[in-house]
Each structure stands twice: as C-alpha cells, then as structure tokens.
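Worksheet for the structure shown next.
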Amino acid sequence: MSVAGDSGSAAAGEMTDATPGTRLGRAREAQNLTAADVARRLKLSVWQIEALESGRYDQLPGPVFVRGFIRNYARLLKLDPEDLLHVVAGNLPQAASRREAPPSPDIPFPSSTGWRWQKYAIGAAVVVTVLAVYEFYWNEPEKEAEPPVAAISDPPAPSSPQPAASAQSAPPAATSAVAAPAARAPSSAASTVQNSDRPTAPGERELRLVFDEDSWVEIRDRNDQTIFSQLNQAGTVRRISGVPPLSIVVGNAQGVRMTYAGRDIDLARHTKIDVARLKLE
C-alpha cells in the first residue's frame with residue numbers, strides 16, 4: 001500500500017512540476033486525443049499545437065495569442081487555465097527595447113519624421129503578419145451562421161436619417177483617445193484597413209469599440225468589403241462607420257466593450273472560445 005501511495009504522490013508531483021505544455025500534452029493523451037484532433041477543435045494548425053506543448057512560444061504569433069491559445073487548450077481539456085497562464089507568464093518572449101543614439105552634430109541627418117514613418121511601417125507589417133496567421137490558422141469560418149442581434153435589427157425609416165445624425169453628434173472626446181501609431185502609417189506601407197474616426201455618411205451606422213485588453217478586430221460592410229481590420233492595443237477607443245448589416249469578428253472578446261448606434265452590445269452572447277462573431281443590422 002505504501003508503494004502505491006508513493007507512486008501516486010510521485011506522479012502528482014511530476015505533473016505539478018511539469019511545464020504548461022507538458023501538462024497539456026499529457027492531459028490530451030489521457031483523453032485519447034491526437035494533436036490533429038485538438039488543432040481541428042481550436043481552429044489551429046498541428047504545428048501550433050506542437051509548439052505549445054514543447055514550449056516553443058517564439059514560433060507563435062505573440063504573447064497575446066499564446067495566452068489565448070493556452071487558455072482555449074486548457075478549457076478544451078477541462079484544466080484550470082489560470083494556473084497554466086500563471087506558470088507560463090515569465091516564459092513568454094518579450095519584444096527587445098531599442099535605444100536610439102543621438103545624431104552626431106558633424107553629420108547631417110534627416111528629421112525624425114522619416115524614422116518615425118519607418119517605425120510605423122514596420123509596426124503595420126507586423127500587424128499584417130499577425131492577421132495573416134490568424135486568418136489562415138485560427139479564424140476559420142464557422143459552418144453555422146450566427147443569429148442576428150434582435151434588439152438592433154430595426155433599420156431607420158427612409159424619411160428620417162436620425163441614426164446618422166445621432167452618430168455624428170457623438171462627443172469628440174473619444175477622438176482624442178484614439179491616437180494609435182498604426183493608424184498614421186502611410187497606406188503604401190500597410191494593408192490593414194481602417195476607417196476609424198471619420199465622419200458618418202448618410203445611410204451608415206457608427207460602431208464604437210473600447211479596448212480594455214489587446215484585441216484583433218475585422219469588420220465588413222453590406223457589400224462584404226473590409227472596412228476595418230487591425231490589432232488594437234489596450235486602452236484605445238475606435239469609432240467605425242459603415243453601411244449595415246456589419247459582419248464583425250472580435251478576438252479576445254472578453255476585453256472589448258462595444259456600442260452600436262448608441263446601444264451597448266453584449267459580446268458574451270456571441271463569443272465562442274474567446275472569439276465573438278456577430279452581424280449587426
């Protein structure tokens with residue numbers, strides 16, 4: 001009996017001391033699941049599952065997505081995601097900070113505007129890469145269509161353009177809180193789509209997003225044209241105008257607050273594994 005007890009204690013200790021990836025892999029095998037099974041359920045690729053289990057986080061899109069992957073993987077296997085996220089917090093790759101040396105007075109340098117433009121272009125390129133990974137490996141369309149939001153399905157009468165007027169009368173204070181470097185990058189250097197903070201045209205509706213955490217958002221209008229698509233930093237606010245119905249995908253939805261045509265939208269009703277998908281009329 002003591003031998004069996006010691007063996008059980010050793011196994012429990014081994015599981016506790018294991019890395020988050022090892023614990024996920026053992027739990028997956030205990031439930032007779034293959035890496036391909038997990039990848040299919042989480043809308044990821046097999047190599048991303050293998051990178052998570054082996055702790056190769058530097059091969060994944062970034063810390064925000066790694067935390068989301070681990071949280072979703074743990075929930076699928078009925079594990080405590082917060083425990084795993086606490087352990088992995090110190091192992092995620094961090095972006096290295098760069099110090100800029102002051103220009104030499106003997107050598108003419110261009111103004112700092114040129115270098116600032118290059119930084120925005122590099123940042124926009126990184127965002128495009130993250131969105132491409134998300135689009136091909138995570139954001140696979142669902143077979144079942146999401147139900148429309150009944151509370152806001154009533155379009156305004158043709159003779160009364162009041163929704164557009166109310167959208168235009170929104171307080172300008174939100175505009176000052178939206179200054180994000182990526183939004184000022186030249187269009188030739190980035191393929192992300194933005195219409196944030198422009199005036200609302202007749203027939204359009206205004207969508208307001210407040211980001212408490214980093215989140216990727218894509219919005220398409222009535223013609224299935226992408227009118228907004230980018231990674232948004234925590235602490236920013238976005239105001240987007242478009243012709244409804246608007247098809248919306250929000251990553252890390254629990255960290256985003258949404259208002260549409262002056263009405264609060266409950267993203268939790270449309271969220272599945274941290275990603276909210278909905279259509280607003």
Those residues that are at pLDDT below 90 and of a type in the set (Ser, Thr, Tyr), I need them from the range 185-226; list them, please. Ser187, Ser188, Ser191, Thr192, Ser196, Thr200
Take the residues in the range 51-68 that are out of contact with any Gly (no Cβ under 7 Å at 6 or more places or on another chain) and surrounded by fewer than 16 Cβ atoms within 10 Å (Cβ to Cβ); name whichever of them is farthest from Asn91 (Cα to Cα). Gln59
Give the residues of the range 213-245 that are under 15 Å from Ala201 (Cβ atoms), among the polar types (S, T, N, Q) and open to solvent by less than 10 Å² (accessible area, probe 1.4 Å), sorted by residue number. Ser241
Cβ contacts < 7 Å: first residue among the polar types (S, T, N, Q), restricted to the range 253-269; second residue crowded, with 18+ Cβ neighbours inside 10 Å, any location; separation 6+ or different chain. Result? Gln254/Asp274; Thr259/Arg208; Thr259/Ile265
Has the range 262-279 got at least one residue that is touching a Ser or Thr at 6+ places or on another chain (Cβ under 8 Å), buried (at least 21 other Cβ atoms within 10 Å of the Cβ) and of a type in the set (Lys, Arg)? no
Could you tell me which residue of the range 10-28 is modelled with the lowest pLDDT, considering only residues that are more than 29 Å from the chain's Cα centre (by Cα) and open to solvent by 80 Å² or more (accessible area, probe 1.4 Å)? Glu14
Residue check for Gly203: open to solvent by 20 Å² or more (accessible area, probe 1.4 Å), assigned to a loop (DSSP other than H, G, I, E, B) and touching a helix residue (DSSP H, G or I) at 6+ places or on another chain (Cβ under 8 Å): yes
Those residues of the range 17-40 that are assigned to a helix (DSSP H, G or I) and without any contact (Cβ under 8 Å) to a residue 24 or more places away in the chain come to a total of 9
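The values are calculated or read from the model by the stated rules, or taken from the named source; none is laboratory data. Keep in mind that what you see is a predicted model, and the values were worked out from it rather than measured. When we count neighbours, we look across all protein chains shown, and the Cβ atoms used for this are built from the backbone with ideal geometry, even at glycine. Heavy atoms of the whole protein, side chains included, go into the accessibility calculation; ligands, DNA and RNA do not. Shrake-Rupley method; radii C 1.70, N 1.55, O 1.52, S 1.80 Å.
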